[in-house]
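Read through the structure below, which is laid out as structure tokens, and then see the notes.
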Amino acid sequence: LDNLSIQFAQQKGDQFGHTEKFPRNLYANSEKSNVCPIFTLGRYLTTFDVDVDPSSRLFPGQSQYKRFKISWTRS
């Protein structure tokens with residue numbers, strides 16, 4: 001496996017979700033594991049107790065955007 005397809009619920013250029021059927025591909029970076037999204041996802045899944053049920057959320061919580069924004073304003 002050297003790539004991963006993901007779909008975003010909403011994108012800046014598509015506020016109404018017309019292109020949601022077009023997945024975005026993430027590719028593995030075997031030379032630099034610190035920037036490899038597939039390696040990082042694997043580390044996340046093995047480090048935290050994540051339920052891999054398709055109906056559950058990958059990242060827990062209700063407001064990931066707000067949490068991310070707060071973490072950047074603290075630094």
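Read the figures in this text as sums done on the coordinates, not as results from a lab. Remember, predicted model here, so these are calculated numbers, not experimental data. Every residue, glycine among them, receives a Cβ derived from its backbone with ideal geometry; neighbour counts consider all protein chains shown.
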(request) Using the Karplus curve 6.51 cos²θ - 1.76 cosθ + 1.60 with θ = phi - 60°, work out ³J(HN,Hα) for each residue of the range 22-34 in order, rounded to whole Hz, and write x for Gly and Pro. (result) 9, x, 9, 9, 10, 10, 5, 10, 6, 8, 10, 5, 6
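Let's test the formula: R0 of 22 Å, r as the Cβ-Cβ distance of Tyr44 and Phe22. What FRET efficiency results, to the nearest 0.05? Could you put the intermediate results ahead of the total?
On the way: r = 25 Å, r/R0 = 1.13.
The pair Tyr44/Phe22 has a calculated efficiency of 0.30.
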